[in-house]
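Asks: Encoded as structure tokens, here's the structure I'll be asking about.
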Amino acid sequence: MSGWTLGVIGGSGLYDIDGLEDRRTVRVASPFGEASGDLTLGRIGDVNLVFLPRHGAGHRLSPSSVNARANIDVLKRVGCTDVLALSAVGSLREDLSPGTFVLVDQYIDRTFAREKSFFGEGMVAHVSMADPVCPRLSKHAAAAAQAVGARVVEGATYLAMEGPQFSTRAESELYRTWGCHVIGMTGMPEAKLAREAELPYACVSMVTDYDCWRSDEAAVEVDHVIAVLMQNADTGRALVAALAAGLPPERDPSPIDTCLDTALITAPDARDPAVLAMLDAVAGRVISKANVTA
């Protein structure tokens, strides 16, 4: 095998994945609560793949209800080495038309009702989010999107809003002045949590609509979004298969693999054992090493 175990988080419209060999479904418990659903495990060629629908089967979870901590924890728990997130977004730029696949490289987090860290009282850590996605995985994903005929744009800033309502026109105009390119409801804190779990993360944002900044057009409506989602979903599934088939024969390491080495700040004798137990998958590598050397 190649050493890759690719976790894939499917966004709106993408609730299953095709073409998996040795396909099986498992339920994995997390100390951070219920994940969005069961995990589908399998492989494409030499690449192991783990699929999780972000909103659950039938899209039963709203953006604010998605337990991103549990989702990332279970992906780490089953051995994922890298995570590809697919998400539906609105466009804040004229040139990013519906149907475009955008490789995000920056985020602005405007969410406020979600748990945003695995760490806290009893075990404090601070990871760098200066560059929130893994450039090597993003490059592989962009190549896969091009290979399946998608219109691809590399490099964009994603505005993560709380939702579930869409933006007001004033908000949409404000985000444009901030330099944002796309807007969605699920990119954060997912990307932050992947970083805390030492999982290189890339996001393919699939544009479904122009956000409501276009004053001469009707506002965003769900029925229009769903129509574009269905078109994007087939391309998204093909992209995942092309990505797995196109990954290098051996997984190349990422600096994100060891980002917790310099992130833990709580002294070993001040760490809460109960909190450490919850972090066994996310941070077990560095916690166990610290305990040995303390």
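Asks: Restricting attention to region 184-192, does a residue exist that is more than 10 Å from the chain's Cα centre (by Cα) and basic (Lys, Arg)? So that I can check it myself, show each step before the final result.
Replies: Initially, region 184-192 is screened for residues more than 10 Å from the chain's Cα centre (by Cα), giving 184-185.
From what is left, the residues that are basic (Lys, Arg) are none.
Checking region 184-192: not a single residue is more than 10 Å from the chain's Cα centre (by Cα) and basic (Lys, Arg).
Asks: While we're looking at this one, here's another question. Those residues that are in a loop (DSSP other than H, G, I, E, B), open to solvent by 30 Å² or more (accessible area, probe 1.4 Å) and not acidic (Asp, Glu), I need them from region 31-50; list them, please.
Replies: The initial filter retains those residues of region 31-50 that are in a loop (DSSP other than H, G, I, E, B), namely 31-38, 45-46.
In the following step, the residues that additionally are open to solvent by 30 Å² or more (accessible area, probe 1.4 Å) were identified as 31, 33-34, 38, 45-46.
Of everything in region 31-50, those that are in a loop (DSSP other than H, G, I, E, B), open to solvent by 30 Å² or more (accessible area, probe 1.4 Å) and not acidic (Asp, Glu) turn out to be PRO31, GLY33, GLY45.
Asks: So GLU121 ticks every box in (1) open to solvent by 50 Å² or more (accessible area, probe 1.4 Å); (2) under 15 Å from the mean Cα position of the chain (by Cα) but one. Which box is left unticked?
Replies: Of (1) open to solvent by 50 Å² or more (accessible area, probe 1.4 Å); (2) under 15 Å from the mean Cα position of the chain (by Cα), only one is false for GLU121: (2).
Asks: Now, a different point. Which one of these does GLY19 not meet: (1) over 16 Å from GLY187 (Cα atoms); (2) in contact with a Ser or Thr (Cβ under 7 Å, 6 or more places away or on another chain); (3) of a type outside the set (A, V, I, L, M, F, W, C)?
Replies: (2)
Asks: Sticking with this one: When you look at PHE112, is it among the aromatic types (Phe, Trp, Tyr), at negative phi and open to solvent by less than 50 Å² (accessible area, probe 1.4 Å), yes or no? Reasoning before the result, please.
Replies: On the way: among the aromatic types (Phe, Trp, Tyr): yes; at negative phi: yes; open to solvent by less than 50 Å² (accessible area, probe 1.4 Å): no.
So PHE112 does not fit the description; no.
Asks: Applying the selection to region 246-269, what residues are open to solvent by 60 Å² or more (accessible area, probe 1.4 Å) and either in contact with a His (Cβ under 9 Å, 6 or more places away or on another chain) or not in a loop (DSSP other than H, G, I, E, B) (or both)?
Replies: PRO255, THR258, ASP261, THR262, ILE265, PRO268, ASP269
Asks: May I ask you to list the residues in region 57-96 that are at pLDDT 95 or above, among the small types (Gly, Ala, Ser) and either open to solvent by 10 Å² or more (accessible area, probe 1.4 Å) or out of contact with any strand residue (DSSP E or B) (no Cβ under 6 Å at 6 or more places or on another chain) (or both)?
Replies: SER62, SER64, SER65, ALA68, ALA70, GLY79 - these are the residues of region 57-96 that are at pLDDT 95 or above, among the small types (Gly, Ala, Ser) and either open to solvent by 10 Å² or more (accessible area, probe 1.4 Å) or out of contact with any strand residue (DSSP E or B) (no Cβ under 6 Å at 6 or more places or on another chain) (or both).
Asks: For region 14-30, give me each residue that is surrounded by fewer than 24 Cβ atoms within 10 Å (Cβ to Cβ) and part of a loop (DSSP other than H, G, I, E, B). I'd like the intermediate steps shown before the answer.
Replies: Kept after step one, since they are surrounded by fewer than 24 Cβ atoms within 10 Å (Cβ to Cβ), are these residues of region 14-30: 15-30.
Within region 14-30, TYR15, ASP16, ILE17, ASP18, GLY19, LEU20, ARG27, VAL28, ALA29, SER30 qualify.
Asks: Of all residues in region 1-56, count the ones that are over 15 Å from ALA85 (Cβ atoms) and among the aromatic types (Phe, Trp, Tyr).
Replies: Qualifying residue count, region 1-56: 2.
Asks: OK, next. For region 63-106, give me the residue count where each residue is more than 30 Å from ALA277 (Cβ to Cβ) and polar (S, T, N, Q).
Replies: Going residue by residue through region 63-106, those that are more than 30 Å from ALA277 (Cβ to Cβ) are 86-106.
From what is left, the residues that are polar (S, T, N, Q) are 87, 91, 97, 100, 106.
So the answer is 5.
Asks: Looking at SER65 and the list (1) under 29 Å from HIS181 (Cβ atoms); (2) touching a residue at least 24 places away in the same chain (Cβ under 8 Å), which single condition is not satisfied?
Replies: Among (1) under 29 Å from HIS181 (Cβ atoms); (2) touching a residue at least 24 places away in the same chain (Cβ under 8 Å), the lone unmet condition for SER65 is (2).
Asks: Name the residue, out of ARG110, ARG69, that is of a type in the set (Lys, Arg), farther than 17 Å from TYR158 by Cα and under 17 Å from the mean Cα position of the chain (by Cα).
Replies: Details: ARG110 fails: farther than 17 Å from TYR158 by Cα.
Going through ARG110, ARG69 in turn, the sole match is ARG69.
The values are calculated or read from the model by the stated rules, or taken from the named source; none is laboratory data. None of these values were measured; they are calculated from a predicted model. As a convention, Cβ positions derive from the backbone with ideal geometry for all residues, glycine included, and neighbour counts pool all protein chains shown. Keep in mind that these areas ignore ligands, DNA and RNA; they rest on the heavy atoms of the full protein, side chains included. Shrake-Rupley method; radii C 1.70, N 1.55, O 1.52, S 1.80 Å.
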